[in-house]
1. What list of ³J(HN,Hα) values in whole Hz, one per residue of segment 210-217 in order, does the Karplus curve 6.51 cos²θ - 1.76 cosθ + 1.60 (θ = phi - 60°) give from phi, with Gly and Pro shown as x?
2. For Ile401, what charge total do you get from the other residues with a beta carbon under 15 Å from its beta carbon, if Lys and Arg give +1 and Asp and Glu give -1?
3. Among Lys252/Lys387; Lys310/Lys332; Lys312/Lys332, which pairs are too far apart, with a Cα-Cα distance over 18 Å?
4. Based on the mean of other Cβ atoms within 10 Å per residue, sort peptides 469-478, 273-282, 186-195 so the most packed one is first.
5. Between Gln442 and Ala257, what is the spin-label point distance in nm, taking each point 7 Å from the Cα along the Cα→C-beta axis?
6. Dividing the alpha-carbon radius of gyration of segment 181-265 by 2.2 N^0.38 Å (N being the number of residues), what value is obtained?
7. What do you get for Rg/Rh over segment 238-412 if you use C-alpha atoms and the Kirkwood form of Rh?
Amino acid sequence: MTKKDSEVEVGSRKSERISSSEEKVIISEDSGNVFARINQILLWSSDNPHRWPRYLGLALACLGLIWGSFITYIKVASPKYKSEWTLILPGKGMGANVSLVDIGQTSTAAASPYASASTNPKSNYKEFATSLVVLREAAESLEMSVREYGKPRVKLIDQTSLLFFSIEGSTPQRAQLKAQALHQALLNLLEKLREDEIGQHEGSALKALEGYRKKLEEASSRLLAFQSKSNLVSMAQFNEIVMSIEQLRREKTQSIASLKEVEGKRYRLQRTLGLSPRQASDALVLQNDQVFQENIFAYTKARQALITHKAKWGINHPEVKRSYSEYIAADKSLKGRFNSLVESEFKEKELLLSLKGDSTRNKLMQDLIDFDVAKQGLSKRIKSLEKLIAELIEERNRLTIPASQLDELVRNHQVAEAIFTSALARTDTSKSDVFVSYPLVQLLDAPNLPERPSSPNKLLAFVGAMASSIFVIIGLSLLWIRKPYIQKILKKK
């Protein structure tokens with residue numbers, strides 16, 4: 001061994017004695033500290049070369065504690081069974097739209113419960129399910145205390161409307177009954193909250209409806225009183241009068257145009273025939289009477305004979321006198337028949353016209369008579385229309401002011417009726433959607449009957465014991481080898 005090596009060894013021994021003395025001082029100062037005591041037990045030094053029994057004892061103690069706890073947990077812990085079920089919340093509310101004919105319309109729309117960023121129905125329902133009210137009701141339904149019943153676990157899945165529930169029980173049947181009781185208690189709470197909300201809304205709505213009803217009754221009373229006083233029932237009555245006036249004026253205009261047309265045709269036929277309508281009517285009557293035609297024939301024959309005899313003989317000739325007597329008799333018979341058929345005076349002209357009968361002329365005379373009758377009818381119709389129009393105009397003028405008052409009263413009544421009916425319909429439709437504030441919840445997966453216990457979990461306990469054992473061994477190993485590393489660090493410094 002060289003001198004240099006002996007000096008290094010001596011220096012290292014001095015440093016070891018110095019560090020050993022320093023550690024002894026530290027241990028003596030912290031002798032009351034538990035951690036210092038452990039450090040004193042596990043510390044390696046030249047004065048304590050046999051430390052491995054201590055490490056071995058400590059390792060066995062730690063491992064014994066770990067595995068003893070594991071065995072105790074496996075043997076002593078009572079089995080627990082977990083029942084699980086899943087709820088789903090639909091994402092949209094319902095809406096309603098009611099149309100009231102001639103009155104108005106009302107609509108209700110329930111927004112999606114997920115529309116607001118500040119509230120989340122899933123979080124609310126999670127708090128409901130774990131609230132003391134729901135747990136107490138579920139426990140009482142199973143004749144248990146809240147502490148015995150326990151608290152369920154609720155898991156929310158982001159970006160979904162699902163809620164996963166689980167609860168433990170001493171037996172599979174017990175766990176399933178607790179799950180069913182909790183689900184029913186949650187539904188009961190939601191139903192109570194919905195009924196309370198509807199009751200509060202309905203109370204305020206009924207107060208508003210009472211005010212609307214009073215306004216409607218006042219408007220109806222004023223309208224009925226005015227109708228009975230003015231004899232004007234509705235605006236339709238007044239509008240019908242106005243429309244009747246316009247319709248009669250159009251009919252009058254059409255009648256005047258028809259009258260002018262008929263007068264023109266009558267004038268042309270009258271000039272063509274050379275007869276007045278009265279003469280044409282008399283001529284048709286005379287032509288259609290067989291006796292009168294026979295009298296004409298006898299009269300014409302007697303008259304012709306008289307003229308012939310006068311031309312041959314004198315006035316006192318017996319033949320002339322006989323012919324004259326026959327002529328007088330025929331003329332008398334003709335005039336008598338003429339006066340019995342028509343009211344006109346007997347004139348030679350009418351007699352000649354009656355002899356000119358043919359089918360064409362008779363048709364024109366019949367047309368002349370028809371046009372004359374149409375002219376008289378149209379003239380009377382125009383006069384009647386003028387009289388009726390004047391009466392309706394007078395009635396319209398009398399009802400103009402009452403009609404404007406009635407229109408205002410009817411409009412006020414319609415507004416009051418629309419408000420009342422819409423409010424009533426809105427109240428009724430709002431009752432149909434009870435899931436506005438508390439959305440509908442549906443059972444997606446019913447509480448199951450667990451087949452195996454959820455605890456004690458032997459595999460998980462074994463893995464934990466193994467991990468703990470490994471950590472203990474690693475920790476003691478680091479304590480065992482720490483001294484050389486500390487010395488190397490001190491030498492570098």
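1. 4, x, 5, 5, 5, 5, 5, 5
2. Counting the neighbours of Ile401, the net charge comes to -1.
3. Beyond 18 Å: Lys310/Lys332; Lys312/Lys332.
4. Numbers: 469-478: 12.9, 273-282: 18.2, 186-195: 15.6.
In decreasing order of mean packing, 469-478, 273-282, 186-195 become 273-282, 186-195, 469-478.
5. Those two pseudo-labels are separated by 7.0 nm.
6. 2.65
7. Dividing the radius of gyration by the Kirkwood radius yields 1.37.
Coordinate-derived values only; no laboratory data. What you see is a predicted model; the values in this text were computed from it and never measured. FYI the Cβ positions are ideal-geometry reconstructions off the backbone, even for glycines, and counts take in every protein chain you see.
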